Every structure is written in C-alpha cells, then in structure tokens.
Amino acid sequence: TPPSDRLTATRPARLSPAGAPAGLSAAGQGRRRGGTHGLARQSSSPQAVVGLRRRRMAAGTRVGGHRMAGYEELGVRAVINASATLTRLGGSLMPQPVLDAMAAGAASFVDLTELHRRAGERIATMTGNDACYISSGAAAGIAMAVAACMVGTDPAKIARLPHFDGPTPEVIVHRSQRNGYDHAARMTGATLVEIGMAHSTQPWELEAAITPRTACVLYFAGMHYAEGSLPLEQVVAIAHERGVPVLVDAAAQIPPISSLWTYTRDLGADIAIFSGGKGLRGPQSSGLVLGRKDIVEGCYVNSSPNPSIGRPMKVGKEEMLGILAAVEWSLNQDEAATLAGYEAVVAGWLAGLQGLDGVTVSRGYPSEAGQPHGRAIVRIAPPCPVTRDQLVAQLWEGNPRIAVANVGTDGIALNPQTLEQGEDRLVLQAVLRLLTQVPVPNAAVAVGSSPPQPS
C-alpha cells in the first residue's frame, strides 16, 4: 500500500468551491470515489465499453448545426492507455468540470494578462504556495523558471535572451538525471553544468560547482531519477547556503496530490513544476510553476503576451480556466479510494494472468514515475508463443488498440492510472488471447505506425 505519510500530509487551507469564478463552481463538487478514471466502480461489460468508445469516436462535435470530424473520420484510432500519462498518447482525460471550464473560457474575450494572474493567485492559495504561474506544459515551465532565475524582470536582459552581455549563466544538473527534458533549460541560452557520476554524487561536487555564474540548480524528481543523485533536502541546504535557488521538475509526481505543496513548503525547494495534463487531468498543454514570488514574477514577465523568449509558449484563456478547474477538482477527490481502485485492478490482472506457460506476473511498486500505486509486471520467456516485442506490437495493432509500457528486455507493465471504466477487462482479455495464441478478433494493422515511446 502507498506510504501513509504521503497520503495524509496536511493540506493547505484553500478556497471553497463557492468562491470559484463563474463557470468553475462545479469543479470542486461531486467528489468521485474509487479511482481517477472510475476503476473501483462496478465494471461495465467489455462489449458495452467498446460500444461506448465507438459512439464517442464517431460522434465528432457539432458546431453551428454542422458535425465536425471525429477521430474515425480522420482515420485516427482511439487508444486504450494501459501505459502511463504519456504526452504521445494525449496525457490524460479531462473530467467534465474541466471541459465545462474550458468551454466557459471560449465564450468571451478577456484581458489575458489579468486572467493569467488571477488564476495563478487562486491556484497558489489552494495549494499553499506563495505564487503560481500557469505555463503551456511542464517543459515550458522549466524554460520560464530558468529564464526568470537568469534575468529576473530586467527588460534589457529579457530582450537579449538567449544571449547575454556578460558570462553565460549556468544551471547545475545531476549527471544521473540528464534527460531529454533538460533541453527546456538549454533553450534559454544557459550552460548546463553536470555534477556527479552516472551512479553516485557527492555533496562536495555540488558545492564546487556553484560559482557566481550559477543561476539555479535544476532537480528532476521521481524514483527513476533518484539513483546516483543527492537527496533533494541536501541539494536545497547546500544551494541555499550559497544563495542559489533550486527548481524541481515534478511533472509526473501526482499522485500524491500533496506533491503540489510538499516540494516547496515541506522540502524547501524554491520552485516546483508540474504537468497540468498528467495526474491533474487538466488541459494537456498546461502546467504549473509553484513557489517563490520573485521567480514566478520573472516567469510572467518573460512569457507571452510579452515579446520575449516565452512568447511561443502561449497559454490560452481556455487552458487557464481548465487547469484552475482541474486543480480544484483534483483536491476534492478521495485519493485513498482512487489508489485502492488502482490496486484492485492490478490484483485482477495478476490473478487473470497466472498459470500461463512462460509467463511470470508480479506487482511492481511504485509506478514508473515513482507514483504511489502498483502496476502489473508481465515477463515473457519460452515456451510462451510470443516474444515481448511481438506482444507489444500486436496489442497496438489490434482492435481495440492498446498501449502498454516496456519493462527491461522481456516484460511489459500494465498501468491502471489511465484506464476508463471497464477497460481493465479489455486489456486482460487481449493480453490473454495473445499469450495463449488465440487470435485477436478484427485485428487491424495500422500501416506505418508503431507503439509510442515514453514521453
């Protein structure tokens, strides 16, 4: 079970739904128990789930009395996502209050700068942070926060980015944490300075790396980045002793919802950055930069609608209201029941896949991003009639199309977090058919396509 201290962390005082702006009051109401995607409720039959998915795909959208194209008319197939909240798969699915808030935002013009700041202030209050900047995703949040640490609100320096009149500012990162997302820091013109080795880092290495050119330390949160890195608390202590801010990329670190204030309020980081379209189930092109007021103010000044390095990273009025509604909605969910629902699905998968030739199943904990819930780990070896890669490809090519995650060279992971009601049974049936070589009905091979890679 998830560590109790992460689930019972004291929540900050927050505004009641009654205090929400027009169009958002429903976001915090109607608490939905038993799973972010309703997994602990009574499962529908697989046939009913498939029928519902087909109706949604075919329905499209009506605008001015005309039906706009849906996925099917564009030749795009919907995916049952048993992998993770991947950008390549659309992040997550937005609950109705978020959709309603975005629709309300689309209904009128507004002073975008005023809305941006007011929505940020509301989210900061709800999450117990000093300030909040709404970004166009977590990567954009990294870019804006790094820019703010380098040039603050100085208009001359902002106009020069990504160039500098003097020495190039430096951003310190762990070598063990290097990944594709640090491109968001490099695009500002900053130089990345690595500390440590691939599997270990010593405190003195961080101390020695800090110079007058150091703009900040960029720390990537999550179990997959922990090995070889200094603990965040130690990084904060060393950096703050030398007057250097610490930025935490926590894009996928929800659940638990307490991450919204744990990194900043409890662990002392200056900024924590989150994806709005993953665990929060807000608009995919949204994110949160939470923490210190002066750094958040720098994010505003360096971003759209100003002619600055952040101008291409525009956040629309619909996303601003959508992520505000998503935060309010998420704070009002029963997280313990949600996680229990995930575990019930994993237990069902483990029971259903027992006793197959060449197949070993186990519960993997935590999730791939270090979230406090399990996954079903399925490992494949002879005499199983399919290899791991064949299984992944056939699930992706089948009908319904199913995405799963690779684990090592011989396994897959089945993740309950991104499933809708009844889809866990569809996943189990499809995996069973392939592992026992019973043909998958109505298999449809998508020419030129391949299963998505982690992102």
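Values in this text are rule-based calculations from the coordinates and carry no lab data. This structure is a prediction, so every number in the text was calculated from the model and none was measured. Please note: Cβ atoms are built from the backbone with ideal geometry, for glycine as well, and neighbour counts cover all protein chains shown.
Distant-in-sequence amide contacts of residue 219, defined by a placed amide H-H separation under 5 Å and a gap of 5 or more residues or a different chain, comprise 247, 248, 249. Working note: Karplus 6.51/-1.76/1.60 with θ = phi - 60° gives the stretch 425-431 the couplings 6, 5, 4, 4, 4, 5, 5 Hz, where Gly and Pro are set to x.
Put simply, the amide H of residue 86, placed in the peptide plane, has neighbours under 5 Å in 91, leaving out anything fewer than 5 places away on its chain.
Ranking of 204, 349, 261 by neighbouring Cβ atoms within 10 Å, starting from the fewest: 204, 261, 349. Highest mean packing first, where packing is the average number of other Cβ atoms within 10 Å per residue, the peptides 325-338, 398-411 line up as 325-338, 398-411. For 133, 225, 219, the sequence from fewest to most other C-beta atoms within 10 Å is 225, 219, 133. Each residue of the stretch 295-311 is assigned a 3J(HN,Hα), and the resulting list reads 6, 4, 4, x, 4, 4, 5, 7, 10, 4, x, 6, x, 9, 5, x, 4 Hz, derived from the Karplus form 6.51 cos²θ - 1.76 cosθ + 1.60 (θ = phi - 60°), x at Gly and Pro. Shown in residue order for the stretch 358-369 are the 3J(HN,Hα) couplings computed by the Karplus curve 6.51 cos²θ - 1.76 cosθ + 1.60 at θ = phi - 60°: x, 10, 10, 10, 7, 8, x, 9, x, 5, 4, 9 Hz (x for Gly and Pro). Arranged from fewest to most other beta-carbon atoms within 10 Å of their beta carbon, 153, 127 become 153, 127. In summary, the aspartates and glutamates within cross-link reach of residue 314, defined as a Cα separation below 15 angstrom excluding same-chain residues under 8 places away, comprise 111, 114.
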